[in-house]
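For reference, the structure is listed below as structure tokens.
The values are calculated or read from the model by the stated rules, or taken from the named source; none is laboratory data. Since we're looking at a predicted model, the values are computed, not measured. Cβ atoms come from the backbone with ideal geometry, glycine included; neighbour counts cover every protein chain shown. Calculation scope for accessible area: heavy atoms of the full protein, side chains included, ligands and nucleic acids excluded. Shrake-Rupley method; radii C 1.70, N 1.55, O 1.52, S 1.80 Å.
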Amino acid sequence: MKIVVGLSGGVDSAVAALLLKRAGHDVVGLFMKNWEDDDDDEYCSTREDLVDAVSVAERIGIEVEAVNFAAEYRERVFASFLAEYKAGRTPNPDVLCNAEIKFKAFLDHAMRLGAEKIATGHYARVGFSGNAFSLLKGKDATKDQSYFLHRLDQEQLSHVLFPVGELKKSEVRRIAQEAGLPNHAKKDSTGICFIGERPFREFLNKYLSKSPGKIVDEKGGHLGEHIGLAFYTIGQRKGIGIGGKKNATADAWYVAEKRMASNELVVVQGHDHPLLMKKSLKAEDASWIAGSAPAKKSFSGKTRYRQADAECRLESSEKSLAVEFASPQWAVTPGQSVVLYDREVCLGGGIIT
């Protein structure tokens with residue numbers, strides 16, 4: 001097959017391309033440039049990543065093309081990202097980026113190039129049974145990225161390959177090193193999709209105006225001043241900016257609530273404070289891999305990427321859902337995604353309200 005591989009400059013996509021080339025496919029690399037603001041500052045690694053992608057392509061023996069999707073990213077992802085922050089929520093741009101850029105704009109471009117499939121370096125797998133595609137967790141449980149891919153649909157999955165989804169990260173690095181890929185030891189990126197690993201509050205400062213207000217405890221006691229609710233997230237411990245409180249314990253302070261109407265930031269002491277623990281949530285804008293909500297009710301789910309699956313029950317319509325967990329979940333955050341699983345199968349999810 002002719003397969004266009006999204007080469008990010010990282011080791012995962014490099015090994016994905018290598019494995020497909022070794023399997024005899026006609027492989028073309030495509031490097032996506034999706035962010036142009038501050039492109040020359042210390043946090044933007046686009047140039048370095050492009051050099052790495054080109055070096056990998058040369059080593060593997062494939063062509064590579066650079067495509068600019070910055071306009072699509074700003075319109076489809078970044079505008080929503082800022083609107084969510086202004087509304088007091090904490091969005092996950094990587095989820096939207098996958099649905100709108102990597103598996104839509106990129107997929108459309110690859111199809112125009114005559115590709116039969118696209119491939120990426122995501123740690124996930126695609127299954128097919130009963131004339132339907134399914135999204136499965138990656139074999140490496142510590143790297144599984146199905147959470148970020150839960151908004152993909154049947155049409156997108158029909159054109160997608162995840163060649164490293166069957167491998168552990170250690171195997172990916174070993175394959176890359178043995179093949180002489182120049183980025184075999186490159187550090188994994190942990191920054192926001194295409195924005196890089198810059199200080200986040202400094203980044204938001206460029207796009208959101210500050211609206212200071214009171215920091216209060218759960219009883220309404222005044223503890224200090226915040227710079228604007230958009231700059232904080234539920235569960236945040238560092239950077240709140242309050243000192244010690246008279247007669248208080250030494251436990252750390254955490255953001256527990258953002259009261260938009262009164263512009264108050266509610267903080268509490270202790271990681272497991274009751275205001276940080278929730279057994280139920282509601283979500284909207286649901287997206288289901290199968291195209292419709294599942295018929296059964298008992299699943300496992302998670303409300304953030306780095307979280308163990310937790311037993312839960314689902315009450316759902318097609319576009320909104322209520323989830324009840326068997327045990328309280330920590331720092332459930334509006335704007336983030338709740339994603340549901342049936343064992344290793346990712347079913348879909350919604351945006352927490």
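Computed values, structure above
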read-out: Sorted largest first, extent of the range 141-191 alpha carbons per principal axis (Å); value: 36, 23, 19
read-out: Furthest towards positive pole of dipole, Ala250, His109, Cys97, structure part the chain, Cβ charges; value: Ala250
read-out: Relative contact order (%) - criterion: Cα under 8 Å, at least six apart; region: the range 7-134; value: 27 percent
read-out: Cα centre as origin, Lys/Arg/Asp/Glu Cβ charges: the range 7-125 dipole, Debye; value: 680 debye
read-out: Within the range 121-233: Cβ-based charge dipole about Cα centre, in debye rounded to nearest 20 (Lys, Arg +1; Asp, Glu -1); value: 240 debye
read-out: Apportionment of accessible area to carbon and sulfur, the chain, percent (1.4 Å); value: 49 percent
read-out: Residues in the range 1-26 reached by a label modelled at Asp188 [backbone nitrogen below 11 Å; 7 Å Cα→Cβ]; value: 12
read-out: Relative contact order (%) - the range 219-353, alpha-carbon pairs under 8 angstrom, separation at least six; value: 23 percent
read-out: Magnitude of the charge dipole, the range 46-103, Cβ model with Lys/Arg +1 and Asp/Glu -1, debye to 20; value: 340 debye
read-out: Stokes-Einstein translational diffusion, the chain - Kirkwood Rh over all Cα pairs, 0.890 mPa s, 25 °C, in µm²/s; value: 113 µm²/s
read-out: Taking the C-alpha atoms of the range 85-156, convex hull volume expressed per residue in Å³; value: 116 Å³
read-out: Length gained when the stretch Ala252-Glu225 is fully extended (0.36 nm per residue, less Cα-Cα span); value: 8.0 nm
read-out: 0 to 90° range, to nearest 10: angle between helix 46-60 axis and the chain longest Cα axis; value: 30 degrees
read-out: Crossing angle, helix 169-178 versus the chain [Cα axis fit, 0-90 degrees, rounded to tens]; value: 40 degrees
read-out: C-alpha long axis of helix 11-22 to longest principal axis of the chain, angle in °; value: 20 degrees
read-out: Whole-number percent relative contact order across the chain, with pairs defined as alpha carbons under 8 Å at least 6 apart; value: 16 percent
read-out: The range 1-96: chymotrypsin sites (Phe, Trp or Tyr not before Pro) in DSSP loop, at most 14 other beta carbons within 10 Å; value: Tyr43
read-out: The chain - accessible surface per residue (Å², probe 1.4 Å); value: 46 Å²
read-out: Per-peptide average of other Cβ atoms within 10 Å, ordering 48-58, 310-320 highest first; value: 48-58, 310-320
read-out: Cross-link partners of Lys117 among lysines (Cα-Cα below 16 Å; sequence separation of 8 or more within a chain); value: Lys2, Lys21, Lys102, Lys104
read-out: Among Phe231, Ala326, Leu82 - extreme Cα towards positive end, dipole of the chain, charges at beta-carbon; value: Ala326
